[in-house]
Amino acid sequence: MSNTTTTQILLKPDWARIIFEPTLDNSSNGVFSDFHYFWLRHNCPCLNGCRHQTTKERQIDASVVPLNIRPLRAVIDSDNDGRPTAVFYWPPIATKDDNGSLVLPDEKEHASVFHIEWLYENAYAINRGQSNGLPPHEIDLVTLDYNDFIFKHPAAEQGAAGISAKLSGKGSVLYKAALYDVLKKYGVAVIRNRGNDTEEIIYDFIDSTADVISTHFGRIEHLRTDNVENSNNDQLGYTNSPVRLHTDLCYAEKVPGFQFLHCIRPADVGGGNYFVHAESAANYLKTEVSRRAYDLLTTVPVRFDRKQSKFQAQLTEPILRLSDDIDSTTGERRLAQVRYSYFTQAAQTSVPFADLREWYEVLQVWDKLLYRDDFQIKADLNTGDVVIYDNLKVLHARNGFSGPRHMAGVYLRADDLWQHLGKAKGSALS
């Protein structure tokens with residue numbers, strides 16, 4: 001092997017990709033392999049606590065390596081003999097002393113120097129095929145400003161100030177076509193400055209001959225702490241407490257395909273909304289984190305129980321429901337629906353005693369993924385803003401708040417929405 005190496009390190013959120021130079025496998029293109037960060041840290045070859053200085057045997061205990069550890073940085077270098085190395089610099093981790101107590105070492109960072117040949121010989125994911133990237137998490141990707149469409153495509157009629165407040169027919173088509181594109185790709189769209197009329201906004205998404213889905217919360221659900229219109233207001237949405245990530249109506253056999261929230265009044269402090277594209281999160285779990293966790297989430301039944309003073313409904317289904325459709329790329333069944341709601345999840349009784357710990361570990365792995373910053377789209381809604389999301393593929397949540405806050409919530413049938421927006425998309429292309 002020459003002293004000049006073309007080996008590269010690519011640092012990903014949960015693992016590193018080493019692209020080996022071609023001479024290692026006598027090919028013209030070389031190969032790559034992915035290495036989990038916890039695996040790299042556990043296999044550190046240093047003689048400064050990780051390996052015995054005389055015998056070179058491992059001393060570091062796998063139990064002290066955080067599974068979510070990430071390097072501070074990594075570089076390609078070479079040793080004194082000119083052999084190429086990959087050097088990973090880690091934050092310090094606590095290790096066990098002679099009494100078994102955890103102590104933090106006196107170091108600002110820890111260096112792991114791996115010979116490239118050793119990494120190649122011990123690679124366990126060479127040219128890994130199926131992988132998934134992070135869910136979309138940038139708010140700009142899903143944001144449309146209604147005023148931008150009015151500015152470019154105003155209606156002929158004008159208000160008292162000589163400014164149109166409505167879209168032209170062409171503008172409406174282009175607005176709905178843009179909505180179609182964003183929702184198809186990301187499952188959620190934030191519409192700024194849409195207006196104050198919830199009834200009018202409904203028909204941004206469905207034909208005038210269609211209607212919304214009424215539930216025991218009403219036709220339009222007014223989410224505010226002083227709600228007296230709905231007798232079934234004994235649930236978290238009508239409080240100022242935080243509501244963590246979930247999909248709605250998990251206890252219903254057929255759940256609404258879409259929901260939109262119309263901001264009538266934002267809270268004085270807090271109350272921000274956030275979303276996770278759960279289909280992408282589940283695929284990431286499957287290929288990047290734990291296939292075992294994914295398989296259990298698709299097979300273990302969970303009982304959802306919405307129990308209120310005047311209403312109760314139950315349903316038992318897995319958190320991840322697979323369809324019968326086969327993905328042509330992976331050869332596996334596609335994910336059809338995510339059904340996840342911590343506040344309506346009843347006591348788990350369908351898992352054998354010896355398996356219950358593993359089930360809870362799976363729930364924790366899934367939940368911790370969802371609450372990573374690089375998984376979430378965060379959206380603060382102001383008066384007149386709207387957010388619409390796929391209730392089968394997108395999780396939604398809100399932070400706790402103080403002061404009055406009023407959101408109007410509306411459920412829609414997915415078929416109605418896609419038919420309506422699809423016509424606009426077709427017109428825009430013609």
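The values are calculated or read from the model by the stated rules, or taken from the named source; none is laboratory data. This is a predicted model, so every value here is computed, not measured. All Cβ positions, even for glycine, are placed from backbone atoms using ideal geometry, and neighbour counts span all protein chains on display.
Tell me, yes or no, whether region 279-293 has at least one residue that is crowded, with 18+ Cβ neighbours inside 10 Å, touching a strand residue (DSSP E or B) at 6+ places or on another chain (Cβ under 7 Å) and either among the aromatic types (Phe, Trp, Tyr) or assigned to a strand (DSSP E or B) (or both). No, every residue in region 279-293 fails to be crowded, with 18+ Cβ neighbours inside 10 Å, touching a strand residue (DSSP E or B) at 6+ places or on another chain (Cβ under 7 Å) and either among the aromatic types (Phe, Trp, Tyr) or assigned to a strand (DSSP E or B) (or both). Among strands (runs of 3 or more DSSP E) entirely within region 177-270, having at least 1 residues that are farther than 24 Å from LEU369 by Cβ and modelled with pLDDT of 95 or more singles out 188-192, 258-265. Report the residue count in region 170-204 for those that are touching a residue at least 40 places away in the same chain (Cβ under 8 Å), under 18 Å from ASP140 (Cα atoms) and among the aliphatic types (A, V, I, L, M). The number of residues fulfilling the criteria is 8.
State whether the residues of region 374-382 include one that is more than 22 Å from LEU296 (Cα to Cα), in contact with a Cys (Cβ under 8 Å, 6 or more places away or on another chain), in the same structural domain as VAL276 (by TED's automatic domain parsing) and surrounded by 18 or more Cβ atoms within 10 Å (Cβ to Cβ). Yes. Residue pairs whose Cβ atoms lie under 7 Å apart, separated by 6 or more positions or on different chains, with the first residue in region 231-260 and closer than 18 Å to TYR340 by Cβ and outside the structural domain of GLY272 (by TED's automatic domain parsing) and the second crowded, with 19+ Cβ neighbours inside 10 Å and modelled with pLDDT of 95 or more, do not occur.
The set of residues from region 356-373 being aliphatic (A, V, I, L, M), over 25 Å from ALA252 (Cβ atoms) and crowded, with 16+ Cβ neighbours inside 10 Å comprises VAL365, LEU369.
Can you confirm whether ASP211 is in the same structural domain as LYS176 (by TED's automatic domain parsing) and surrounded by fewer than 20 Cβ atoms within 10 Å (Cβ to Cβ)?
Values: in the same structural domain as LYS176 (by TED's automatic domain parsing): yes; surrounded by fewer than 20 Cβ atoms within 10 Å (Cβ to Cβ): yes.
So ASP211 passes the test.
Scanning region 94-144 for residues that are in contact with a helix residue (DSSP H, G or I) (Cβ under 9 Å, 6 or more places away or on another chain) and closer than 20 Å to VAL289 by Cβ yields TYR124, ILE126, ARG128, GLN130, SER131, ASN132, GLY133, LEU134, PRO135, PRO136, HIS137.
Tell me, which strands (runs of 3 or more DSSP E) lie completely within region 295-358 with 1 or more residues that are polar (S, T, N, Q) and at pLDDT below 95?
Working: elements: 302-308, 311-317, 320-326, 333-338.
In region 295-358, 302-308, 311-317, 320-326 are the strands (runs of 3 or more DSSP E) which contain 1 or more residues that are polar (S, T, N, Q) and at pLDDT below 95.
Could we say that ILE93 is surrounded by 15 or more Cβ atoms within 10 Å (Cβ to Cβ) and either modelled with pLDDT under 95 or farther than 23 Å from VAL365 by Cα (or both) here?
Details: surrounded by 15 or more Cβ atoms within 10 Å (Cβ to Cβ): yes; either modelled with pLDDT under 95 or farther than 23 Å from VAL365 by Cα (or both): yes.
Answer is yes for this residue.
Figure legend. Inter-residue proximity from region 308-333: first residues more than 19 Å from TYR294 (Cα to Cα), second residues assigned to a strand (DSSP E or B), beta-carbon distance below 7 Å, spacing 6+ or different chains. Indicated pairs: GLN312/ARG306; ALA313/ARG306; GLN314/ARG303; GLN314/PHE304; GLN314/ASP305; LEU315/PHE304.
Highlighted here would be strands (runs of 3 or more DSSP E) found entirely within region 70-169 that include at least 1 residues which are without any contact (Cβ under 8 Å) to a residue 24 or more places away in the chain and assigned by TED's automatic domain parsing to the domain that holds HIS396, but there are none.
Surrounded by 15 or more Cβ atoms within 10 Å (Cβ to Cβ) and over 18 Å from HIS396 (Cβ atoms): which single residue out of GLY257, GLY218, GLY237, GLY187 fits that description? Walk me through how you get there before you give the answer.
On the way: GLY257 fails: over 18 Å from HIS396 (Cβ atoms); GLY237 fails: over 18 Å from HIS396 (Cβ atoms); GLY187 fails: over 18 Å from HIS396 (Cβ atoms).
Just one listed residue meets the conditions, GLY218.
Report yes if ARG333 is more than 30 Å from ARG398 (Cα to Cα), surrounded by 13 or more Cβ atoms within 10 Å (Cβ to Cβ) and among the charged types (D, E, K, R), otherwise no. The answer is yes for ARG333. In this structure, does ASP367 turn out to be in a helix (DSSP H, G or I), closer than 27 Å to VAL269 by Cα and either touching a Phe, Trp or Tyr at 6+ places or on another chain (Cβ under 6 Å) or of a type in the set (Asp, Glu) (or both)? So ASP367 passes the test.
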